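The values are calculated or read from the model by the stated rules, or taken from the named source; none is laboratory data. As the structure is a computational prediction, the values presented were derived from the model and not from experiment. We place every Cβ from the backbone using ideal geometry, glycine too, and count neighbours over all the protein chains shown.
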Amino acid sequence: MALHLGYGTGSLPDALWVRSWKRLLSRLGGTLLGLEQALAARNSPKPEWAQGGEKPPETAGEERPTPPHASLFLPEFPLQPPVQHQQLKILGFLAKGTFGTVLKVLDCTQAKVFALKVVPKAEVLRRDSVRQCKEEVSIQRQVRHPFLHCLGDSWQGRHHLFLMCSYCSAGDLFTLWKSAGPLAEGATRLFATELVLVLAYLHSQGIVHRDIKMENILLDEQGHLKLADFGLSRHLPRGKRAFTICGTLQYMAPEVLTGGPYTHAVDWWSLGVLLFAMATGQFPVPPEQDHVAMLRSVKRSTYSIPPTLGRGLRLLLSELLSKDPQHRPRHLHHFRAHLFFHGMSFNADVLRKQPADFALGWQPPKGAPADAATFPEFDCDLGAP
């Protein structure tokens, strides 16, 4: 299940989608009976009692109906939201993903802002992605790292799944790249070091990410990265192989495009693509319409690394973008000893002590007031419907 959590312009909703949500929100107003009812209003006919906007009287001792297909998503998605998240105020929209929506919400109890992924169950079932959906939560429950965007809480309503994550106010790497253009080598080196650390950690836990791209790299309040979106991740113990064709086309390793078998080395190819784009302003191979065309382009690609880049960076890119996965650096000691990382600390705590001012300084201006007015604030009760 891939629901992109990056906040870049590439993931913002289009005008038609925005207008449909605006019409929905303008009809609701005030205190909602539940976010579930708001989200289902467009597709499901309301019972007669809902037409007047009033909640039906509850019979004493009467149990609430069990959400459809609820057992399929247990235990990763409990039926009730945690008590501390039962009163949320929607502040706006952060991104539109393949499966659903990412909302910016205020937890009224904690007076804290979060990012909330809202995923329709029907779409998960239609794509036969229940297992992948549950594995996303399982993986994020397992991992903890300074450069990971970790999951807070998850639960389910009648028609949707909810995943609560921390909110990264500084945006994402894609937005930074689009606004600033090619990054200086020092900035590329810092981001590369942080990504190497977090990828090496994931691989040591037997996890392959499979969707490394700029849109999935958020920036915290000090400009350091947070790798996000585990919708395509899976447990892959050392020595095992995967075969699913998934990811984002221009970042997909050739062995993924062929349908496998492939290993954790695919993440290092994606890192190479990302660093190439960060440093040069363009992708080594332009994206194609489908994986077959993309594979042809990758196979016949004769991209050249600009000679203006430093020798260490050129060497690293040529190694990461090796079409033979066995020739890519894939262990932490390979990077520690690499020319490009000479003098860099591979201690996450040391790296985080120094704010990445270049990242914060290049953040684009805040959205115009008209953009904020598109999504009026309203209260919502996330208790079971």
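If you scan the range 181-216, which residues turn out to be under 17 Å from Y251 (Cβ atoms) and among the polar types (S, T, N, Q)?
T188, N216
Output the number of the condition that K134 fails; it satisfies all remaining conditions of (1) within 28 Å of K112 (Cα to Cα); (2) out of contact with any helix residue (DSSP H, G or I) (no Cβ under 6 Å at 6 or more places or on another chain); (3) not in a helix (DSSP H, G or I).
In the conditions (1) within 28 Å of K112 (Cα to Cα); (2) out of contact with any helix residue (DSSP H, G or I) (no Cβ under 6 Å at 6 or more places or on another chain); (3) not in a helix (DSSP H, G or I), K134 misses (3) alone.
Out of curiosity, is C108 in contact with a strand residue (DSSP E or B) (Cβ under 9 Å, 6 or more places away or on another chain), closer than 25 Å to Q205 by Cβ and not aliphatic (A, V, I, L, M)?
For C108, the condition - in contact with a strand residue (DSSP E or B) (Cβ under 9 Å, 6 or more places away or on another chain), closer than 25 Å to Q205 by Cβ and not aliphatic (A, V, I, L, M) - is not met.
So is G29 over 25 Å from H149 (Cα atoms), out of contact with any Gly (no Cβ under 8 Å at 6 or more places or on another chain) and modelled with pLDDT under 90 or not?
yes
When you scan the range 262-282, do you find a residue that is buried (at least 20 other Cβ atoms within 10 Å of the Cβ), closer than 21 Å to Y201 by Cα, within 25 Å of the chain's Cα centre (by Cα) and of a type in the set (D, E, K, R), even just one?
Taking every residue of the range 262-282 in turn, at least one turns out to be buried (at least 20 other Cβ atoms within 10 Å of the Cβ), closer than 21 Å to Y201 by Cα, within 25 Å of the chain's Cα centre (by Cα) and of a type in the set (D, E, K, R).
Quick check: anything in the range 286-299 in contact with a Leu (Cβ under 7 Å, 6 or more places away or on another chain), among the charged types (D, E, K, R), surrounded by fewer than 17 Cβ atoms within 10 Å (Cβ to Cβ) and part of a loop (DSSP other than H, G, I, E, B)?
yes
Going through the range 275-289 one residue at a time, which ones are touching a residue at least 40 places away in the same chain (Cβ under 8 Å) and closer than 13 Å to K178 by Cα?
Hits for the range 275-289 are A277, M278, A279, T280, G281.
Does any residue of the range 141-152 turn out to be of a type in the set (S, T, N, Q), surrounded by fewer than 23 Cβ atoms within 10 Å (Cβ to Cβ) and under 20 Å from P75 (Cα atoms)?
yes
I'd like to know if the range 323-342 contains one or more residues that are assigned to a loop (DSSP other than H, G, I, E, B), more than 22 Å from the chain's Cα centre (by Cα) and closer than 19 Å to L183 by Cβ.
Among the residues of the range 323-342, at least one is assigned to a loop (DSSP other than H, G, I, E, B), more than 22 Å from the chain's Cα centre (by Cα) and closer than 19 Å to L183 by Cβ, which makes the answer yes.
F191 - would you say it is closer than 23 Å to L91 by Cα and touching a Leu at 6+ places or on another chain (Cβ under 7 Å)?
The answer is no for F191.
Consider only pairs whose beta carbons are under 6 Å apart and that are at least six residues apart or on different chains; among these, list those whose first residue lies in the range 150-177 and is over 14 Å from E136 (Cβ atoms) and whose second residue is in a loop (DSSP other than H, G, I, E, B) and hydroxyl-bearing (S, T, Y).
G171/Y7; D172/Y7
Are any of the residues in the range 75-91 modelled with pLDDT under 85, in contact with a helix residue (DSSP H, G or I) (Cβ under 9 Å, 6 or more places away or on another chain) and surrounded by 14 or more Cβ atoms within 10 Å (Cβ to Cβ)?
Yes: one or more hits.
Among the residues of the range 212-244, how many are surrounded by fewer than 19 Cβ atoms within 10 Å (Cβ to Cβ) and in contact (Cβ under 8 Å) with a residue 40 or more places away in the chain?
3
Could you list, ordered by first residue, the pairs with Cβ atoms under 8 Å in which the first is in the range 301-326 and among the small types (G, A, S) and the second is part of a loop (DSSP other than H, G, I, E, B), at least 6 apart or interchain?
Hits for this filter: S301/P284; S301/V285; G312/H338; G312/H342; S318/I305; S322/R328.
Which ones in the range 307-321 are surrounded by 18 or more Cβ atoms within 10 Å (Cβ to Cβ) and not in a helix (DSSP H, G or I)?
Residues satisfying the conditions are L309, L321.
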